[in-house]
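**Q** Provided herewith is a single structure, encoded as C-alpha cells, for subsequent inquiry.
The values are calculated or read from the model by the stated rules, or taken from the named source; none is laboratory data. Note that the structure is a prediction, hence the values are computed from the model and not measured. Using ideal geometry, Cβ is built from the backbone for each residue, glycine included, and neighbour counts are taken over all protein chains shown.
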Amino acid sequence: MRSPRISLTVASAAIVLLASCAPGSSSDGSKTKQADDKKLTYLYFTDGPDEQATRDLIDQFEKKTGAKVNLQIVPFDNLEQRLQARLSGNNAPDVARLTDITPFRADLLDLNKFQKGALGGKFLKGADAYVTGKGGELLAVPSDLTMNGPLINVDQFKKAGVPLPDPKKPWNWDEMVKDAKKVQAANKTQNAIAMDVSGHRFSTMLSQYGTDFFDKTGKKPAMDTGKATAAVKRFAELNASGTMPKDLWLQAGTKYKAANEIFLAQQTPVYLSGNWQVSAFAKGAKFSWAAAPNPCRKTCGGFPGGKFMASFKQSKHQKLAAEFIAFMNSEKSQEKLAKEANFLPTRKDLISSGVKYPVRDADMQTFLDDVKRTPQAAYGSAYSPAFGATADASVKELAKVLAGDSSPKEAVEAIRAAAQKALKDAQ
Amino acid sequence: MTSTARMAPRRTVGPAVPQSGHRKSVNRRRSVKPWNQRVAPYLFVLPNMLIFGLFVIYPAINNFNISMYDSGNGRDFTYVGGGNYQGMLSEAEFWSAARHTVVFAVFFVTLTTVVSIGLALLLNQRIKGRAFFRTVFFLPVVISPVVVGLIWGWIFERKNGLLNSLLGAAGLGQPGWLVNSTLAMAVVIFVGLWLHVGFYVLIVLAGLQGIDSTYYEAARMDGASGWQQLRLITLPLLRPTTMVVVILSLINGFQAFDYIWTLTGGGPVGGTTLMVQYIYEHAFQSPVQYGSAAAAAVVLFCAVFALTVINYLYNQRKESA
C-alpha cells in the first residue's frame, strides 16, 4: 500500500501551487517608468495596400525624429488575443492599430497628456464618445473610416440592359432588389444580392430601415421593434426566395464570412460590403464593377466603421508614442494613406476638402457621398462599446430565422436583450 | 480459465518472492543502495516532469482557480466563487453545446471502435498491397485538421460542392449537407471518423499481432468457423486494446474542435457547436469571459475523467469476472 505521507505531500504541493497561482489585479500602469531610448513598437494588422503606405510614413517619422519604429504585423484574427496576452505579461506595444478599443479601455494612454493640440477636436464627430474616456481622456484616434455600401457588376447590369444607379440620387431598397433580380435573370447568376455574414453589415440595413442597436450616444439600446422586425423580415424573405444566398449565412456558423468570392465569381450582381474592398477588387476583379450608393428606405447612407490608433499606459515611450500617433494622423499623412490604400479619411479638414484618389476615384467619391448621408445615430451605434457583442448576437439570431427556428419578431427581441446585456457587460 | 492458471505464469517468470522473514533484510539492502542510484531514476524523468508540470499540471490547476473568478481581460480578476458555474448552467447555449458534444462523442466513439476493428481485421490479412492500404488509411492522420475541415467543406458545399455536383448529375438532388443541423452533425462525425480512424487502426493492428497464433491453430483443429474465432478468440483478447481505443476516442471526441471550426464554424445555428468551441468562444472572442471559459473547461475535464474511470472500472470488472 502506498504511504499516506506521499499522498499528503502531493496534496500539499497542489495546494501550494494553487495558492501561488491566485489571480491578482494589474496595476493601472500610470507610473510606468519611461525609457530614454527612442524605440517604438507598433502592433499592426494590414488590409493589404495600406502596408507600404504605412512603412513610407514610418520612414518619414524616423527621419524627422531620429526614432526607430518596429512595425510588428500580426493577423487580424488573433490581434485581440495577442494584445491581451501582451498586456497580461506587462509587455504591451507602444502603439497598436485596433478595430475595437472596448476590451482595452482601462489600459489605454490618455493622448491628451502629450498631444491635445494636435489631436483634440480634429476628427469625425461620431467617434468622439467612443474614443473619449470617462474623465475626458483621449483614448484613441480614429485613423481611418470605413463605409458600408454596395458594389455592382457593371458588365452584368449592361448585359441585362438595366441602367446603373446614379451615385448622386440613391436608389431605394425596392428598386435595388428589382434591378438586381433582373440582372440575375439575364445573367443566370446564382443570386441577385449577397451580404457579408456580419452584424456590422446587417446594421446598415437596420439603419436604412430607420433604426439602430443603440442611440446616438451609443449608451442606450434604441432598436425600434417595428422597424427592426420589418428589416429582419425583408432579409429573411430575400434569403428564402434565393435572391440572397441563404447557405452563406447558415454555413458560416459563428465565423465572419465575406461574400466577396461570390461577387468575384460573378454569381451575384450586387454585393453589400464596403469601401475596403475597392483596392482588392481593383486588382482582383476580372470584370467591370463600380461602387453604388446605399439603398434608402426610411433613411439613406451606409454604416460607418473603422480603425483606431492607441497607445498604452504600460508603454515605456508614452510621449514618443503619442507623437507618432499624431504624426500618422496629421492631415498630410492621413491623406497619403487614404490615397494609396483607398481609405476614407477621419479628419474633419480632409472630409470637407475631399480627397482625390489616384485609383478608383469615382467609387471612393460614392462612398464619401454616403458618409455625408449617413445619419448621426448610425455613428453612435457603430461606436458604442457594446456594438461588437450585439452585432455578433444579431448574426446568430438572423441565422435562426433563416433556418426557421425563430420568427423575425423573436429575433429582434433576442437582439434587443443581447444589446442590453452587452451594455451592462461593457460598463 | 481458472485463477490458478492465471497465476501460474507469474510464479514462473517473476523473481523469487521474498518470505516475510526476509523483508527486513531486503529493506536494509535497499536502504544501503548508494544515493546516486536511488536518485538517478528521478533525475531521468525530471526534465519531462518539469515540462509536464509547467505546461499541463500548472495550467490545469490554474484553470480551476480562474473558474472561480470573473475576468474580461486576463489581468483584473474578481472573485465570484461558483458564480461562473451557476451562470453557465443556466445558459441555453451551454446545454446545447453539451448535448451536441454527447451526441457527437457517442457516435464518434462507437463508429471509431467498430470501424477501426473492422479495418484492422482486414488489414491484418495477407492481402496484396497490404502496406499500401495501411498507408492510405493512416494518411489522413498526418494532414492538418484545419485543412481537412476546409477540404471537406468544399466537398459538401450545397451549390458548387463536389459531392452535390455528382449527386445532381445523377439526378439525386442537392442536399444541404452543411445548412441542415442533423446533416451537418452527420458530416462532422463522418469527417472526424475519416480523420482519426487510421490512428486507431494502428493500435488495433498492434493488438491483433499480439494475439498468439496458436489459439487460432487450436481453434481450427477443433473445427471453429471464422466467425467463432473472431467472437471467441479475437474480440475477447482484444478487449484491453479496445478499451484503449474507446478511452482515447472518447477523449478525442470530447476535444473535437479544429476541423469542425473550419468545416461548419459550429453552425448551422449552433447545430455542430461542441464544448471546446463553446470554451474557445468564451475565452478568445469578444467579449472575453475567461472565468466562464475556465468553468466550462473544468466541467469538460470532469466529464471526460468520470467517463474514463467508469469505462476502466467496467472493463476491469469484466476481466476479473
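**Q** Do any helices (runs of 4 or more DSSP H) lying entirely in the range B:237-321 carry at least 2 residues that are among the aliphatic types (A, V, I, L, M) and modelled with pLDDT under 90, and which ones are they? Don't jump to the end; show me each part of the working.
**A** Details: elements: B:239-255, B:258-263, B:275-284, B:290-320.
Here the list reads B:290-320.
**Q** May I ask you to say which residue of A:THR65, A:THR99 is β-branched (Val, Ile, Thr) and within 14 Å of chain B (Cβ to nearest Cβ)?
**A** Numbers: A:THR65 fails: within 14 Å of chain B (Cβ to nearest Cβ).
After ruling out the rest, the residue left standing is A:THR99.
**Q** Of these, B:GLY266, B:GLY291, B:GLY253, which one is within 22 Å of B:MET185 (Cα to Cα), within 14 Å of another protein chain (Cβ to nearest Cβ) and surrounded by 18 or more Cβ atoms within 10 Å (Cβ to Cβ)?
**A** B:GLY266
**Q** Which of the following residues is crowded, with 21+ Cβ neighbours inside 10 Å, more than 16 Å from the chain's Cα centre (by Cα), assigned to a helix (DSSP H, G or I) and modelled with pLDDT of 90 or more: A:ALA362, A:ALA391, A:ALA378, A:ALA338?
**A** A:ALA338 is the lone residue from the list that is crowded, with 21+ Cβ neighbours inside 10 Å, more than 16 Å from the chain's Cα centre (by Cα), assigned to a helix (DSSP H, G or I) and modelled with pLDDT of 90 or more.
**Q** Run down A:LYS182, A:LYS178 and say which single residue is closer than 23 Å to A:LYS246 by Cα, assigned by TED's automatic domain parsing to the domain that holds A:GLN277, buried (at least 16 other Cβ atoms within 10 Å of the Cβ) and without any contact (Cβ under 8 Å) to a residue 24 or more places away in the chain.
**A** When all the criteria are applied, what remains is A:LYS182.
**Q** Give the residue, chosen from A:LYS286, A:LYS316, A:LYS332, A:LYS298, that is without any contact (Cβ under 8 Å) to a residue 60 or more places away in the chain, assigned to a loop (DSSP other than H, G, I, E, B) and either surrounded by fewer than 23 Cβ atoms within 10 Å (Cβ to Cβ) or in contact with a strand residue (DSSP E or B) (Cβ under 7 Å, 6 or more places away or on another chain) (or both).
**A** On the way: A:LYS316 fails: without any contact (Cβ under 8 Å) to a residue 60 or more places away in the chain; A:LYS332 fails: assigned to a loop (DSSP other than H, G, I, E, B); A:LYS298 fails: without any contact (Cβ under 8 Å) to a residue 60 or more places away in the chain.
After ruling out the rest, the residue left standing is A:LYS286.
**Q** Output the residue which, of all residues in the range B:171-180 that are crowded, with 19+ Cβ neighbours inside 10 Å and in contact (Cβ under 8 Å) with a residue 40 or more places away in the chain, is farthest from B:THR112 (Cα to Cα).
**A** So, considering only residues that are crowded, with 19+ Cβ neighbours inside 10 Å and in contact (Cβ under 8 Å) with a residue 40 or more places away in the chain, the one farthest from B:THR112 (Cα to Cα) is B:VAL179.
**Q** Something else: On the given criteria, is A:ALA280 aliphatic (A, V, I, L, M) and either surrounded by fewer than 18 Cβ atoms within 10 Å (Cβ to Cβ) or more than 14 Å from chain B (Cβ to nearest Cβ) (or both)?
**A** yes
**Q** Is the range A:212-226 home to any residue that is farther than 28 Å from A:THR346 by Cβ and not in a loop (DSSP other than H, G, I, E, B)?
**A** yes
**Q** When you check A:ASP94 against the structure, is it facing chain B (nearest Cβ under 9 Å) and in contact with a helix residue (DSSP H, G or I) (Cβ under 7 Å, 6 or more places away or on another chain), yes or no?
**A** no
**Q** Quickly run through the range A:249-264 and pick out the residues that are modelled with pLDDT of 80 or more and facing chain B (nearest Cβ under 9 Å).
**A** Hits for the range A:249-264 are A:TRP249, A:LEU250.
**Q** Return yes when A:ALA403 is under 22 Å from A:GLY305 (Cβ atoms) and either within 9 Å of another protein chain (Cβ to nearest Cβ) or in contact with a His (Cβ under 9 Å, 6 or more places away or on another chain) (or both) and no when it is not.
**A** Judged against the criteria, A:ALA403 is not a match.
**Q** Still on this structure, please answer the following. Quick test for you: out of A:PRO150, A:PRO142, pick the one residue that is closer than 20 Å to A:ASP94 by Cβ, part of a strand (DSSP E or B) and touching a strand residue (DSSP E or B) at 6+ places or on another chain (Cβ under 6 Å). Even if it seems obvious, please write down each step before you answer.
**A** Numbers: A:PRO150 fails: closer than 20 Å to A:ASP94 by Cβ.
Sole residue among the options that is closer than 20 Å to A:ASP94 by Cβ, part of a strand (DSSP E or B) and touching a strand residue (DSSP E or B) at 6+ places or on another chain (Cβ under 6 Å): A:PRO142.
**Q** If you go through the range A:312-349 one residue at a time, how many are more than 24 Å from A:GLU137 (Cα to Cα) and of a type outside the set (Gly, Ala, Ser)?
**A** Residues of the range A:312-349 more than 24 Å from A:GLU137 (Cα to Cα): A:332, A:335-344.
Of the ones still in play, those that are also of a type outside the set (Gly, Ala, Ser) are A:332, A:335-337, A:339-340, A:342-344.
Total satisfying the criteria: 9.
**Q** Please indicate, with yes or no, whether at least one residue in the range A:350-357 is touching a residue at least 12 places away in the same chain (Cβ under 8 Å), among the hydrophobic types (A, V, I, L, M, F, W, C) and not assigned by TED's automatic domain parsing to the domain that holds A:GLY48.
**A** Checking the range A:350-357: not a single residue is touching a residue at least 12 places away in the same chain (Cβ under 8 Å), among the hydrophobic types (A, V, I, L, M, F, W, C) and not assigned by TED's automatic domain parsing to the domain that holds A:GLY48.
**Q** For the range A:122-170, which positions are acidic (Asp, Glu) and at pLDDT below 95?
**A** Matches in the range A:122-170: A:ASP128, A:GLU137, A:ASP144, A:ASP166.
**Q** Scan the range B:34-71 for residues that are polar (S, T, N, Q) and either part of a helix (DSSP H, G or I) or away from chain A (no Cβ under 14 Å) (or both) and jot them down.
**A** Scanning the range B:34-71 gives B:ASN36, B:GLN37, B:ASN48, B:ASN62, B:ASN63, B:ASN65.
**Q** Of all residues in the range A:102-135, how many are within 14 Å of chain B (Cβ to nearest Cβ) and surrounded by 20 or more Cβ atoms within 10 Å (Cβ to Cβ)?
**A** Total meeting the criteria: 5.
**Q** Among (1) without any contact (Cβ under 8 Å) to a residue 60 or more places away in the chain; (2) closer than 30 Å to A:VAL401 by Cβ, where does B:VAL191 come up short?
**A** Tallying (1) without any contact (Cβ under 8 Å) to a residue 60 or more places away in the chain; (2) closer than 30 Å to A:VAL401 by Cβ, B:VAL191 fails exactly one: (1).
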